[in-house]
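Report on one structure; see the data block that follows.
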Ligand SMILES: Nc1nc2c(ncn2[C@@H]2O[C@H](COP(=O)(O)OP(=O)(O)OP(=O)(O)O)[C@@H](O)[C@H]2O)c(=O)[nH]1
């Protein structure tokens, strides 16, 4: 594999700093109620810089959807969160202590990837009166239930059933995602067998309770390979209301540029937030992740200003990379926004029309900006409406409270 044209991209060290800024971590006591302000206040909103699209302006009033991580003790919930969002190496998770409080964290590396993750200790007691599960499920976008595939999963399945039915009663819009986790220890046949068995049993339990309408999605995951990133990408994509528009834009872009496959990546987390409508295969996804790593590392070493590497960002509007594989495929990475990158796969002969591809990319980038502008506008209107509602309510209360 040869690499050419690698320039200014986001560096690992820098990325870690960004992580710290992006993620406000907090541990949540059950009686903390619904007040998120303390958490979100510490989380800076990204503004635009010259030539770099800062896609988070105007979103400060946005309510972020919640992603809950639930499952039995030691099933791997905290490890998933640490590996995907804190770049912890999988081996380090061996030393993680058991979580005994609900830990929540803001993830908002780009406007399209913006949510809160709540990591629950295993064995939440739904009958404990101090656990206000209705409040928690009400604002939830996705519930990830982690099942340890290397352990006996009978208890996990009954817990899954209890959790899902409770959550569904409070909020039928939640996406239920089941991670059949730690599959690194299983052979391929065994994986498929386990997935089939777990799926069948979970569906039977729901059918017995006459709740067939609850849809569960299943993923085989492990922190030791890219499967956990791929599964998280799919979970996060369901929380992006603009997903069909993004997919459509990618379809138009690839069909007019002779490209075979294109992904839109969140560079920090390596979650892909959208791809065109052709199927995704794991190897392609892994190659994209590896490319982002290579680009980030090279840029960190050679892409920063020599005089003062601390000045300027290693990932900016000029960031791009071209990698030619030995099978006549070209992988092309380009910066879309401060946090997003496009990674495309194409044949060498198609890459001869690089000018056309770059022009189409320019149009794609502009269209993404427009999608974002609409989103900002909607958020602003929502904020204004709720402010008006609140001031009306305050006036009404004032009049009611003052008889004169
Ligand atoms: N083999 C393997 N082990 C994993 C994987 N994910 C997590 N583990 C291990 O599972 C153990 C438990 O992981 P945790 O992340 O602490 O589990 P948890 O669900 O957060 O546990 P509680 O906080 O007690 O609820 C750790 O030793 C991890 O290294 C995986 O994909 N494969």
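The values are calculated or read from the model by the stated rules, or taken from the named source; none is laboratory data. Small disclaimer: the values here were computed from a predicted structure and weren't measured. Note that we place each Cβ from the backbone using ideal geometry, even for glycine, and neighbour counts take in every protein chain shown.
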Filtering the stretch 251-291 for residues that are part of a helix (DSSP H, G or I), touching a residue at least 60 places away in the same chain (Cβ under 8 Å) and closer than 12 Å to residue 345 by Cβ leaves a count of 2
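Conditions (1) closer than 22 Å to residue 259 by Cβ; (2) modelled with pLDDT of 90 or more; (3) surrounded by fewer than 17 Cβ atoms within 10 Å (Cβ to Cβ); (4) touching a helix residue (DSSP H, G or I) at 6+ places or on another chain (Cβ under 7 Å), marked per residue:
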| residue | (1), (2), (3), (4) |
| --- | --- |
| 307 | no, no, yes, no |
| 343 | yes, yes, no, yes |
| 356 | yes, yes, yes, no |
| 359 | yes, yes, yes, no |
| 365 | yes, yes, no, no |
| 372 | no, no, no, no |
| 379 | no, no, no, no |
So which of 358, 373, 318 is touching a strand residue (DSSP E or B) at 6+ places or on another chain (Cβ under 9 Å) and part of a helix (DSSP H, G or I)?
-> 358
The stretch 125-156, residues that are more than 12 Å from residue 70 (Cβ to Cβ), crowded, with 18+ Cβ neighbours inside 10 Å, modelled with pLDDT of 90 or more and within 16 Å of the ligand (Cβ to nearest atom) = 148, 149
Run down 122, 71 and say which single residue is under 22 Å from residue 157 (Cβ atoms), near the ligand (Cβ under 10 Å from one of its atoms) and at pLDDT below 85.
-> 122
For the stretch 155-180, the count of residues that are closer than 24 Å to residue 223 by Cβ and out of contact with any helix residue (DSSP H, G or I) (no Cβ under 8 Å at 6 or more places or on another chain) equals 4
Can we say residue 207 is more than 24 Å from residue 288 (Cβ to Cβ) and either more than 16 Å from the ligand (Cβ to nearest atom) or assigned to a helix (DSSP H, G or I) (or both)?
-> yes
Residue 104: without any contact (Cβ under 8 Å) to a residue 24 or more places away in the chain, in contact with a strand residue (DSSP E or B) (Cβ under 7 Å, 6 or more places away or on another chain) and away from the ligand (no atom under 12 Å from the Cβ), yes or no?
-> no
Flag if residue 81 is within 10 Å of the ligand (Cβ to nearest atom), in contact with a strand residue (DSSP E or B) (Cβ under 9 Å, 6 or more places away or on another chain) and within 26 Å of residue 273 (Cα to Cα) | yes
Kindly establish whether residue 159 is in a helix (DSSP H, G or I), within 16 Å of the ligand (Cβ to nearest atom) and under 17 Å from residue 72 (Cβ atoms).
-> yes
